[in-house]
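Following: one structure in structure tokens, then a few remarks.
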Amino acid sequence: MDDQGNQLLEVKNVVKMFGGLRANDNVSIQIEKGEIRGLIGPNGSGKTTLINLITGIYDVTEGSIYYYGKRIDGVKANVIASMGIMRTFQVARVFRDMTVLENMLIPAFTQGQSGSEAKTRAEELLDFALLTRLKDKQAKSLSGGQNMLLQIVRGFMHKDLKLYVMDEPFAGVHQSIKGIIIESIKMMNQEKGVTFLVVSHEMSTVRTLCNKITVLCKGERIAEGTMEEVANVPEVIDAYLGG
Amino acid sequence: MSMGINFIYGIMKVINWSMGEFFMIGAFVQYILLTSFLGATYWYVGVVISALIVFFLGALVQRLLIKPMFVGIIEAKMEYATIVTIAMAIFLRNLAVLIGGPYIYTPPDYAGPTQILTLPISGNRLVALIGALFLLALFYYFIKKSWTGKAFQGVAQNRSGVQTAGVNVLKYDMLAFGIGTALAGAGGALLAPIFLVHPMCGLVPTVRGFEIIVIAGLGSIPGILVAGLTLGIAESLGSAFINPSFVDIYGFILLVIILSIKPYGLFGKAEREV
Amino acid sequence: MKIFTLKNIGMLVLLIVAVFLPFVISDYWCYVLTVAFFYTIMAASWNLLGGYTGQFSLGHHTFAMIGAYTSTLLMSKAGAPFWVSIPAGILLTIFISCALGILCLRVHGIYLALITWAFAEVVRNYFRLHYAFTGGDRGIDSPLIFGTMKPTPYYYLFLGITVFAIVLIAIIMRSRIGYYLRSIRDDSIAARSMGVDIVRYKIFAFIAASGIAGMAGAFYGHSIGLISPVMGDFNEMAMIIIFVVIGGMRTQAGPVVGAISVRYTMEILREYYEIRIVILTAIVILIMRFFNGGLMELFRRVKKWIRRDGEGPASAYQEP
């Protein structure tokens, strides 16, 4: 761990093929502990594929992924989750027939927390997310934004959360809920030192939230740096304006 | 038979558990046609008519019961489809007992015993074999060459994609279900003199059909021919060298072996889940 | 945890009624209820698998048959006593379901249904054809566990097993495993990303349900005295599904209510064998198509309707 210094996650020359399509082409990214990294790029640039590779939903075609210096490509998704990597999905994936509170308990249970401990923590988080009054309702009765929020705070239930990968957490979400999400990201980052990798289309949010940004286009990494640096790279301007 | 099941699955991602009962209906229709209207000489006309009748029946079932799945009323799709088609199977089977009684009907022979070189062979089996090959060829030609067939390929690959390209997916679902069941119906009519006609006569071909599609891999049409042959060979080898009364078991053992080596079947691919 | 809730008191009352019932009803109805208990166990354990976990086993009846045949054959051919043969029957079903589970639960869920179905037919045919060993279609006499034809002891035996099976299932569903199983049914990919080892818990559910079925089957054989390949008929599987769907999937009382009420109805209509199945399957199709939830959902709605009526609109619960 020590010889890796501050490095938390390293994606090294990863290629993912779907049939003849190169969804990720030789992508490399390093993320340091405590970062809030933004991942942007036009539609179809391979952002979600990359997330699925990191979290073990897909297997890489070539290349490797390291987490705390340990290789995690090829490791099963549930094992990756127990190593401290949580994720959210573009379209909120909540357990629809379970109540909001039950939804919250799942990641705590898989990580071996006791029932009462998990419940207290869940109630705290639901309070913070203003979902307390809905806690005994089935998740399917929630609105889209509430589901997204639930999905996000559910990940915080992991007791050793190290890296939180979020896929479009602000898409189609009401302004007030968006505020709660941003606040929760900042809080977890500062208080618990959780590292974030946030995929988003919303440049203004990414600009205020993230210290460093990676840009993908057509499966390749084309730029990396602060928003200002990235915005001046010709390929990025091309990708967004040239189509 | 397997063609029908796998075709429906390929298009709609639904397994139709009542396939064997459509097979049975095909056989019954054929029996009634031959004994009361056509006579044994026109058995091929009977096969066509049986297939047509089963086609309309299948399309009707799809319209009433399966279509709601795709227009958003039903939540747990697989659960719904499985239960409804199983209930359908038992419904049709017992309805058949109710109407026809639990008796076995023997349709007239399609052709007398013949000889190929020195090998004596029952004419019925020869007819069934040629008929099945003809159906396969026809089906393959239809999928590969006709416009409708091309549209089906599109639907199988990407439902929402072809929808935007102006293909009415729901219409094709109904057609696919109809064609799939019609294949079963035609099979039932063809094999009627061999399996005989009774309410449970769809069972054996269905078991075999499911084994074949698992071996072949769900949704793979070319795999079926290979899998069917492999299964046939395994069963005849088993009966020849071990014990002929446990034919079914050899097929199942083959399936177990193949699945432990290739979990998705010979020609199946892992599906993209997210 | 509140113990004296209305629900618990209701269950206690039902249990007491069940205990005293044999003093009131005839031997015939006692026998009918014993059979109904058997189906209750089958339906409840299938609900654990098909209802809560979303995994369709179509060989549930086959596991009961394997349990029954194993225990019976061990006793009649090898002379084993009950306390050896019945656990042996249960262990064998657990072993087979474990192997089948590992084989087909690694891939798409529909494989379990396809393979258990093929498995069921193959096993049934084996028992039918290998008549030197299994008695073939005619079946085989199973030694009676209490050595008597009187149905009352068997009634209590099955009442006990039923309560045991239901409590066991309730414990599983209230434990962490229950949470995992429900999360897998709702969204297996999300469950995986939350750290749930989905393959392991799917296989667990399959083994647990099949083991319970094997247990019910082993005791059933020794209670009715004759087992035959009819136990492996697909109609039996369909009946289990019918009980669960009519009672209400994913409810704990549903399979119980479904199995007992449907068995009762079938007993009344016993002269019209095919018609009653035709009607029942038609009901199942209609329930699935128009009214997902079965009898328990009906109870719930009626209850809600009465409450709303009584308490007025001010406290009306907002339907999601």
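The values are calculated or read from the model by the stated rules, or taken from the named source; none is laboratory data. It should be emphasised that the depicted structure is a prediction, and the values quoted were computed from it without experimental measurement. Please note: Cβ atoms are built from the backbone with ideal geometry, for glycine as well, and neighbour counts cover all protein chains shown.
Residue A:104 - would you say it is within 13 Å of chain C (Cβ to nearest Cβ), closer than 21 Å to residue A:47 by Cα and either under 22 Å from the mean Cα position of the chain (by Cα) or not in a helix (DSSP H, G or I) (or both)? First the steps, then the outcome.
On the way: within 13 Å of chain C (Cβ to nearest Cβ): yes; closer than 21 Å to residue A:47 by Cα: no; either under 22 Å from the mean Cα position of the chain (by Cα) or not in a helix (DSSP H, G or I) (or both): yes.
Judged against the criteria, residue A:104 is not a match.
Return the only residue of C:161, C:171 being part of a helix (DSSP H, G or I) and surrounded by fewer than 16 Cβ atoms within 10 Å (Cβ to Cβ).
C:171
Against the condition polar (S, T, N, Q), part of a helix (DSSP H, G or I) and either over 28 Å from residue C:15 (Cβ atoms) or within 14 Å of chain A (Cβ to nearest Cβ) (or both), how does residue C:152 come out, does it pass? If you could, list the steps in order and put the result at the bottom.
Details: polar (S, T, N, Q): yes; part of a helix (DSSP H, G or I): yes; either over 28 Å from residue C:15 (Cβ atoms) or within 14 Å of chain A (Cβ to nearest Cβ) (or both): no.
For residue C:152, the condition - polar (S, T, N, Q), part of a helix (DSSP H, G or I) and either over 28 Å from residue C:15 (Cβ atoms) or within 14 Å of chain A (Cβ to nearest Cβ) (or both) - is not met.
Of everything in region B:33-77, what is loosely packed, with under 15 Cβ neighbours inside 10 Å, closer than 30 Å to residue C:186 by Cα and at pLDDT 70 or above? Give them in sequence order.
Listed by number, the list holds a single entry, B:64.
Are any of the residues in region B:177-197 crowded, with 24+ Cβ neighbours inside 10 Å, more than 14 Å from every other protein chain (Cβ to nearest Cβ) and of a type in the set (Ser, Thr, Tyr)?
There is at least one residue in region B:177-197 that is crowded, with 24+ Cβ neighbours inside 10 Å, more than 14 Å from every other protein chain (Cβ to nearest Cβ) and of a type in the set (Ser, Thr, Tyr).
Could you tell me which numbered condition residue A:32 fails, if it satisfies all but one of (1) at pLDDT 85 or above; (2) on the phi > 0 side of the Ramachandran plot?
Residue A:32 satisfies every listed condition except (2).
Residue by residue through region A:6-24, note down the ones that are assigned to a loop (DSSP other than H, G, I, E, B) and within 25 Å of residue A:34 (Cβ to Cβ). Don't jump to the end; show me each part of the working.
Residues of region A:6-24 assigned to a loop (DSSP other than H, G, I, E, B): A:6, A:19-20.
Passing the criteria: only A:6.
Residues being under 16 Å from residue C:250 (Cα atoms) and either in contact with a helix residue (DSSP H, G or I) (Cβ under 6 Å, 6 or more places away or on another chain) or free of Cβ contacts under 8 Å to residues at least 12 places away in the same chain (or both): count how many of those fall in region C:166-181.
Residues of region C:166-181 that are under 16 Å from residue C:250 (Cα atoms), as a first pass: C:166-175, C:177-181.
Now restrict to residues that are either in contact with a helix residue (DSSP H, G or I) (Cβ under 6 Å, 6 or more places away or on another chain) or free of Cβ contacts under 8 Å to residues at least 12 places away in the same chain (or both): C:166-167, C:169, C:171-172, C:174-175, C:178-181.
Qualifying residue count for the region: 11.
So, in region A:67-82, how many residues would count as being in contact (Cβ under 8 Å) with a residue 60 or more places away in the chain and surrounded by fewer than 23 Cβ atoms within 10 Å (Cβ to Cβ)? If you could, list the steps in order and put the result at the bottom.
Looking only at region A:67-82, we keep the residues that are in contact (Cβ under 8 Å) with a residue 60 or more places away in the chain, and these are A:67-69, A:81.
The next check asks that each one be surrounded by fewer than 23 Cβ atoms within 10 Å (Cβ to Cβ); those that pass are A:68-69.
Matching residues across region A:67-82 total 2.
For (1) within 14 Å of chain C (Cβ to nearest Cβ); (2) touching a strand residue (DSSP E or B) at 6+ places or on another chain (Cβ under 9 Å); (3) in a helix (DSSP H, G or I), each residue gets a yes or a no:
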{"position": "A:112", "(1), (2), (3)": "yes, no, no"}
{"position": "A:119", "(1), (2), (3)": "yes, no, yes"}
{"position": "A:130", "(1), (2), (3)": "no, no, no"}
{"position": "A:133", "(1), (2), (3)": "yes, no, yes"}
{"position": "A:146", "(1), (2), (3)": "yes, no, yes"}
{"position": "A:176", "(1), (2), (3)": "no, no, yes"}
{"position": "A:179", "(1), (2), (3)": "no, no, yes"}
{"position": "A:204", "(1), (2), (3)": "no, no, yes"}
{"position": "A:214", "(1), (2), (3)": "no, yes, no"}
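Take the conditions within 10 Å of chain B (Cβ to nearest Cβ) and either more than 26 Å from residue C:203 (Cβ to Cβ) or modelled with pLDDT under 85 (or both) and apply them to residue C:106. Does it pass? Lay out the reasoning, then the answer.
Values: within 10 Å of chain B (Cβ to nearest Cβ): yes; either more than 26 Å from residue C:203 (Cβ to Cβ) or modelled with pLDDT under 85 (or both): yes.
In short, yes.
Does any residue of region C:252-267 turn out to be under 18 Å from residue C:54 (Cα atoms), within 13 Å of another protein chain (Cβ to nearest Cβ) and part of a helix (DSSP H, G or I)?
Within region C:252-267, none of the residues are under 18 Å from residue C:54 (Cα atoms), within 13 Å of another protein chain (Cβ to nearest Cβ) and part of a helix (DSSP H, G or I).
May I ask you to list pairs of residues, at least six apart or on different chains, whose Cβ atoms are under 7 Å apart, with the first in region A:115-134 being at positive phi and the second being assigned to a helix (DSSP H, G or I)?
What qualifies is A:130/A:180.
Please pick out the residue among B:161, B:149 that is at pLDDT below 75, more than 26 Å from residue B:134 (Cβ to Cβ) and surrounded by fewer than 18 Cβ atoms within 10 Å (Cβ to Cβ).
Selected residue: B:161, the only one of B:161, B:149 that is at pLDDT below 75, more than 26 Å from residue B:134 (Cβ to Cβ) and surrounded by fewer than 18 Cβ atoms within 10 Å (Cβ to Cβ).
Would you point out which residue out of C:66, C:25, C:16 is β-branched (Val, Ile, Thr) and either at pLDDT 85 or above or within 15 Å of the chain's Cα centre (by Cα) (or both)?
Working: C:25 fails: either at pLDDT 85 or above or within 15 Å of the chain's Cα centre (by Cα) (or both); C:16 fails: either at pLDDT 85 or above or within 15 Å of the chain's Cα centre (by Cα) (or both).
C:66 is the lone residue from the list that is β-branched (Val, Ile, Thr) and either at pLDDT 85 or above or within 15 Å of the chain's Cα centre (by Cα) (or both).
How many residues does region C:253-284 contain that are within 23 Å of residue B:81 (Cα to Cα) and either modelled with pLDDT of 80 or more or surrounded by 19 or more Cβ atoms within 10 Å (Cβ to Cβ) (or both)? Break it down into steps so the answer makes sense when it comes.
Kept after step one, since they are within 23 Å of residue B:81 (Cα to Cα), are these residues of region C:253-284: C:254-255, C:258-259, C:262, C:276-284.
With the extra rule that they be either modelled with pLDDT of 80 or more or surrounded by 19 or more Cβ atoms within 10 Å (Cβ to Cβ) (or both), the set shrinks to C:254-255, C:258-259, C:262, C:277-284.
Looking only at that region, the number is 13.
State the number of residues belonging to region C:162-184 that are of a type in the set (Phe, Trp, Tyr) and either over 17 Å from the mean Cα position of the chain (by Cα) or at pLDDT below 90 (or both).
Total satisfying the criteria: 2.
Restrict the check to region C:211-227 and report whether at least one residue is under 30 Å from residue A:95 (Cβ atoms), away from chain A (no Cβ under 14 Å) and among the β-branched types (Val, Ile, Thr).
Yes - at least one qualifying residue is present in region C:211-227.
Out of everything in region C:174-197 that is among the β-branched types (Val, Ile, Thr) and at the interface with another protein chain (Cβ under 7 Å from one of its Cβ atoms), what residue ends up being surrounded by the most Cβ atoms within 10 Å (Cβ to Cβ)?
So the first thing to find is which residues in region C:174-197 are among the β-branched types (Val, Ile, Thr), and the list is C:177, C:184, C:189, C:196.
Now narrow it down to the ones that are at the interface with another protein chain (Cβ under 7 Å from one of its Cβ atoms): C:189, C:196.
On the way: C:189: 17, C:196: 26.
Only one residue tops the list, namely C:196.
Yes or no: residue C:237 in contact with a Gly (Cβ under 9 Å, 6 or more places away or on another chain) and either touching a residue at least 40 places away in the same chain (Cβ under 8 Å) or crowded, with 22+ Cβ neighbours inside 10 Å (or both)? Even if it seems obvious, please write down each step before you answer.
Numbers: in contact with a Gly (Cβ under 9 Å, 6 or more places away or on another chain): yes; either touching a residue at least 40 places away in the same chain (Cβ under 8 Å) or crowded, with 22+ Cβ neighbours inside 10 Å (or both): yes.
Considered against the rule, which asks whether it is in contact with a Gly (Cβ under 9 Å, 6 or more places away or on another chain) and either touching a residue at least 40 places away in the same chain (Cβ under 8 Å) or crowded, with 22+ Cβ neighbours inside 10 Å (or both), residue C:237 comes out as yes.
Can we say residue C:135 is away from chain A (no Cβ under 14 Å), modelled with pLDDT under 85 and buried (at least 18 other Cβ atoms within 10 Å of the Cβ)? Before you say what the answer is, go through the steps one by one.
Numbers: away from chain A (no Cβ under 14 Å): yes; modelled with pLDDT under 85: yes; buried (at least 18 other Cβ atoms within 10 Å of the Cβ): yes.
Spelling it out, residue C:135 is indeed away from chain A (no Cβ under 14 Å), modelled with pLDDT under 85 and buried (at least 18 other Cβ atoms within 10 Å of the Cβ).
Just give me the residues in region C:126-149 being free of Cβ contacts under 8 Å to residues at least 60 places away in the same chain and either under 19 Å from residue B:246 (Cβ atoms) or touching a Gly at 6+ places or on another chain (Cβ under 7 Å) (or both), in sequence order.
Of everything in region C:126-149, those that are free of Cβ contacts under 8 Å to residues at least 60 places away in the same chain and either under 19 Å from residue B:246 (Cβ atoms) or touching a Gly at 6+ places or on another chain (Cβ under 7 Å) (or both) turn out to be C:126, C:129, C:130, C:131, C:132.
When only residues in region A:186-224 that are at pLDDT 85 or above and of a type in the set (Gly, Ala, Ser) count, which is surrounded by the most Cβ atoms within 10 Å (Cβ to Cβ)?
Filtering first and then ranking leaves A:200.
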